[in-house]
Amino acid sequence: MKLSHLRGRKINDYLMRKGTVWKGKTMMIRWLRGAPRLRQGSGGQARRLNVDPAKRALYVGTVASTKLHKSAVKRNRMRRRCREALRTLVQNRTDIPTTQLLISPRIASLDSPFELIEADIQTFLSALTSWPNPKARHHASPTI
């Protein structure tokens with residue numbers, strides 16, 4: 001499965017408001033099923049965000065505030081480690097639905113071993129695949 005970038009303040013704000021929160025030891029992930037929506041460009045025409053509805057993809061963004069650490073180098077390292085752990089674990093999987101993710105690393109992700117970050121991602125992915133799909137409706141057969 002391919003990872004795509006989740007960009008834009010409006011998309012990230014929407015995900016912060018409406019997304020479901022998952023908390024792990026090394027990161028917090030806000031997620032929302034489906035691809036990002038189209039946005040209106042100048043002149044009223046809708047612009048595409050590199051979204052192909054036929055393909056499954058994970059749209060991933062990262063957020064790390066200065067409250068996390070003063071050094072931008074260390075904040076960026078935390079972002080890269082979390083994103084790389086996600087990339088390595090989803091590259092051969094096909095059971096993950098199209099989802100938007102906003103990863104917020106915790107300070108523990110800076111000094112923890114990479115295997116712990118991977119374990120957090122693995123736990124999240126198992127929770128994501130077992131989460132019920134809101135679009136799939138279960139119709140009970142009528143009883144006579």
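The values are calculated or read from the model by the stated rules, or taken from the named source; none is laboratory data. Just so we're clear, the structure is a prediction, and the values are computed from it rather than from any experiment. Please note: Cβ atoms are built from the backbone with ideal geometry, for glycine as well, and neighbour counts cover all protein chains shown. With ligands, DNA and RNA removed, areas are computed over all heavy atoms of the protein, side chains included. Shrake-Rupley method; radii C 1.70, N 1.55, O 1.52, S 1.80 Å.
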Sort out which residues of the stretch 59-80 are more than 15 Å from the chain's Cα centre (by Cα), assigned to a loop (DSSP other than H, G, I, E, B) and among the hydrophobic types (A, V, I, L, M, F, W, C), and write them in order of number. L68
Within the stretch 2-32, work out how many residues are part of a strand (DSSP E or B) and either at pLDDT 90 or above or open to solvent by less than 50 Å² (accessible area, probe 1.4 Å) (or both). 12
When you go through A72, A57 one by one, which is the residue that is surrounded by fewer than 21 Cβ atoms within 10 Å (Cβ to Cβ) and closer than 17 Å to T129 by Cα? A57
Which of the residues that make up the stretch 85-113 are over 13 Å from the mean Cα position of the chain (by Cα) and among the charged types (D, E, K, R)? R93, D95, R106, D111
Where a residue in the stretch 7-21 is under 11 Å from W31 (Cα atoms) and its partner, wherever it lies, is open to solvent by 100 Å² or more (accessible area, probe 1.4 Å), with Cβ under 9 Å and at least six apart: Y14/R37; T20/W131
Taking the stated definitions as given, is L110 touching a helix residue (DSSP H, G or I) at 6+ places or on another chain (Cβ under 9 Å), at pLDDT below 95 and closer than 15 Å to G24 by Cα? yes
Qualifying positions in the stretch 81-127 - of a type in the set (A, V, I, L, M), surrounded by 21 or more Cβ atoms within 10 Å (Cβ to Cβ) and not in a strand (DSSP E or B): A85, L86, I117, I121
